[in-house]
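Encoded as structure tokens, the structure appears first; notes follow it.
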Amino acid sequence: PDRYVVMGNPIAHSKSPHIHTLFAQQTQQIMTYEAHWVAERGLFQAIKHFQEEGGRGLNITLPFKTDAWQLAQQRSSRAENAGAVNTLWFDSQGQWVGDNTDGVGLLRDITVNYQRTLADKSLLILGAGGAVRGVLGILLAQQLGRCVIANRTVEKAQLLADLFKNYGTVEAMRYEDLTGQKFDLIINGTSASLQGELPPLPPHLFSANGWAYDMMYGALPTAFMQWALQQGAARALDGLGMLVEQAAESFYLWRGVRPQTEPVMIQLRQEMR
Ligand code: ATR
């Protein structure tokens, strides 16, 4: 069987092996996919060793996505924009090819799975770290009505706005600057949910039928999702769909076959209960 892995640190709780194994069964691909713990600064050696053993492709997760970007000898424009690589494979010359499927994963979850168009909508993105940079390019390509990035450290939001200025106008703001504004979609790309925390958001940010999307996920609604519903958001979604969709895009890049994501999402959701 062809071998695939996900490399990260920590890696034990990664859902990727389970997701890709379900994709492989569904599409009858003869392959294995395993989690691979990598020591700090150990990424180059780990990938090289995996390639020498005949490995076919890999996902890269925290904290190695920017290291993988640096190590890739060829990069897609999606990876270039993201400044991060989450999907790697080896071309016929053995060169390392890097892509990033996080942005398209988020976009498919919103627009295909939940059937929400982004055209003309006002979008607020919370956070200005790697997670937000990874998805900003593709979001700005959706003919948004407006795009605001708010971050605790406003300078980081401004840096992202400058970096993506050729893709569309991004307004960088502090959380307190948001008072009195309304948004059709608020995406939480901060890591605050990991600690059960919430950025210091003013109330009344959702427009009528406004939606909330947390790039994090868990068995229970995140603190951000709970806040959004209390604030009258019409829907509050978590990032499980994004996780499955980015995996499906990686699978497609490696295997040339697009798996169905819905049954996998349903199964993961049941297993998390
Ligand atoms: P990632 O790669 O997951 O995006 P990161 O680059 O460390 O991780 O970025 C984390 C993001 O979450 C940042 O936008 C951070 O805000 P600052 O840039 O001001 O540090 C944000 N963040 C983390 N914890 C937060 C909290 N408790 N409240 C608000 N924002 C938080």
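The values are calculated or read from the model by the stated rules, or taken from the named source; none is laboratory data. From a predicted model like this one, the values you see are computed outputs, not experimental measurements. Virtual Cβ from ideal backbone geometry, glycine too; neighbours counted across all protein chains shown.
Quick notes on this structure:
- Among (1) at pLDDT 95 or above; (2) within 30 Å of VAL5 (Cα to Cα); (3) exposed (fewer than 15 other Cβ atoms within 10 Å of the Cβ), the one test that TYR213 misses: (3)
- Filter pass, ALA12 being assigned by TED's automatic domain parsing to the domain that holds ILE266, touching a residue at least 24 places away in the same chain (Cβ under 8 Å) and buried (at least 18 other Cβ atoms within 10 Å of the Cβ): no
- Whichever residue in region 118-136 is more than 15 Å from the ligand (Cβ to nearest atom) and outside any loop (DSSP other than H, G, I, E, B) and, among such residues, is surrounded by the most Cβ atoms within 10 Å (Cβ to Cβ): LEU123
- Subset of region 141-162 (residues that are crowded, with 21+ Cβ neighbours inside 10 Å and either in a loop (DSSP other than H, G, I, E, B) or more than 15 Å from the ligand (Cβ to nearest atom) (or both)): CYS147, ASN151
- Within region 59-78, the residues that satisfy the criterion of being away from the ligand (no atom under 15 Å from the Cβ) and not in a loop (DSSP other than H, G, I, E, B) are ASN59, GLN70, LEU71, GLN74, ARG75, SER77, ARG78.
- Residue match in region 28-41 (condition: assigned to a helix (DSSP H, G or I), free of Cβ contacts under 8 Å to residues at least 40 places away in the same chain and exposed (fewer than 15 other Cβ atoms within 10 Å of the Cβ)): no
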